[in-house]
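Below is one structure; the comments refer to it alone.
The values are calculated or read from the model by the stated rules, or taken from the named source; none is laboratory data. Predicted model only: the values in this text are computed from it and were never measured. In this analysis, Cβ positions are derived from the backbone assuming ideal geometry, glycine residues included, and neighbour counts consider all displayed protein chains.
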């Protein structure tokens with residue numbers, strides 16, 4: 001132990017260089033990681049591929065989450081990527097599968113191929129939302145902050161029913177930003193939320 | 001004799017072509033984008049889906065129910081324009097009235113529903 005300390009003391013320049021270098025490298029990695037996360041969460045990045053830009057993004061344009069009275073928008077990541085750090089990183093890693101399909105298999109690289117896969121892709125989103133109790137919706141739409149009195153009688157009744165029956169947002173609010181796929185919806189596919 | 005048969009056959013073929021052409025014209029008449037826009041504007045999609053389960057029947061279910069019925073269009077137009085009483089989970093409420101005064105636009109929506 002003393003020998004090690006003596007060695008370190010005699011090579012203090014190397015130790016200092018390694019410490020400072022290690023710190024700088026770690027800081028650079030953290031900054032690059034954060035920048036990467038931020039960049040891959042932008043609308044520009046998500047619509048960089050024609051698979052998204054010409055299909056789901058084109059459908060989203062003009063919907064309530066894109067354009068509305070107040071100008072508050074929900075972009076791709078607001079609805080499709082969780083905000084919590086661990087879940088966020090996990091989702092980003094999962095998304096690498098999308099890169100694989102974009103560059104290698106080209107599974108949705110034509111409008112026809114996309115239509116053929118639309119239902120399957122939608123079910124992936126529905127399944128995730130059922131499992132997380134529609135966490136992305138709830139990041140903005142806090143049920144405990146809803147002023148029920150401002151809701152229509154119908155909305156009040158539906159939301160009360162959803163609470164009683166343990167339904168989650170996506171059970172009813174599906175196909176609101178993109179075309180509704182042809183087939184059974186979340187309630188029929190996955191039953192009640194967990 | 002053969003000439004008469006041929007003329008009958010020609011008439012049948014012509015009649016079938018006319019029916020086919022009429023049906024295809026009718027099918028083409030549905031402006032899907034306009035129908036979907038009116039459905040959204042009228043909040044139809046809050047309770048009805050094209051094919052999935054929601055509080056109201058899916059358009060496909062309605063289309064199947066009214067298949068081959070001569071009064072299908074008229075019945076649905078009345079349903080959309082008058083806001084009749086309906087029951088959801090046993091609770092009675094008024095059906096939403098379609099947000100359009102344009103009969104052609106409403107008819108287009110009804111045809112869209114019936115053609116799902």
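Anything in the range A:1-52 that is within 44 Å of the chain's Cα centre (by Cα) and either exposed (fewer than 10 other Cβ atoms within 10 Å of the Cβ) or outside any helix (DSSP H, G or I) (or both)? List them, or say none.
Of everything in the range A:1-52, those that are within 44 Å of the chain's Cα centre (by Cα) and either exposed (fewer than 10 other Cβ atoms within 10 Å of the Cβ) or outside any helix (DSSP H, G or I) (or both) turn out to be A:40, A:41, A:42, A:44, A:47, A:48, A:49.
Yes/no matrix, rows are residues, columns are (1) within 11 Å of chain A (Cβ to nearest Cβ); (2) modelled with pLDDT of 95 or more:
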{"residue": "B:47", "(1), (2)": "yes, no"}
{"residue": "B:87", "(1), (2)": "no, no"}
{"residue": "B:93", "(1), (2)": "yes, no"}
{"residue": "B:98", "(1), (2)": "no, yes"}
{"residue": "B:113", "(1), (2)": "no, yes"}
{"residue": "B:116", "(1), (2)": "yes, no"}
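Filter the range A:164-185 for residues that are more than 8 Å from chain B (Cβ to nearest Cβ) and assigned to a helix (DSSP H, G or I) and give the result.
Within the range A:164-185, A:164, A:169, A:170, A:171 qualify.
In the range B:56-85, how many are within 14 Å of chain A (Cβ to nearest Cβ) and touching a helix residue (DSSP H, G or I) at 6+ places or on another chain (Cβ under 7 Å)?
The total comes to 2.
Against the definition (part of a helix (DSSP H, G or I) and surrounded by 11 or more Cβ atoms within 10 Å (Cβ to Cβ)), how does residue A:77 come out, yes or no?
It is true that residue A:77 is part of a helix (DSSP H, G or I) and surrounded by 11 or more Cβ atoms within 10 Å (Cβ to Cβ).
From the residues in the range A:144-163 that are within 11 Å of another protein chain (Cβ to nearest Cβ) and not in a loop (DSSP other than H, G, I, E, B), which one is farthest from residue A:80 (Cα to Cα)?
A:153
Looking at the range A:86-102, I want the residues that are closer than 17 Å to residue A:114 by Cβ and have a partner that is at pLDDT 90 or above and in a helix (DSSP H, G or I) with Cβ atoms under 7 Å, at least 6 apart or on another chain. Which pairs are those?
Filtered contacts from the range A:86-102: A:102/A:51.
Please work out which residue is nearest to residue B:97 (Cα to Cα), limiting yourself to the range B:72-86 and to residues that are surrounded by fewer than 15 Cβ atoms within 10 Å (Cβ to Cβ) and touching a strand residue (DSSP E or B) at 6+ places or on another chain (Cβ under 9 Å).
Here the answer is B:83.
Out of B:73, B:36, which single residue is under 16 Å from the mean Cα position of the chain (by Cα) and either closer than 28 Å to residue A:177 by Cβ or free of Cβ contacts under 8 Å to residues at least 12 places away in the same chain (or both)?
It is B:36.
If a residue must be within 23 Å of residue B:53 (Cβ to Cβ) and touching a helix residue (DSSP H, G or I) at 6+ places or on another chain (Cβ under 6 Å), how many such residues does the range B:86-116 contain?
Count: 7.
Touching a helix residue (DSSP H, G or I) at 6+ places or on another chain (Cβ under 6 Å), surrounded by 14 or more Cβ atoms within 10 Å (Cβ to Cβ) and without any contact (Cβ under 8 Å) to a residue 24 or more places away in the chain: is that true of residue A:107 in this structure?
Yes, satisfied.
Quickly run through the range B:87-106 and pick out the residues that are surrounded by fewer than 18 Cβ atoms within 10 Å (Cβ to Cβ) and farther than 23 Å from residue A:172 by Cα.
Selection gives B:100, B:101, B:102, B:103, B:104, B:105.
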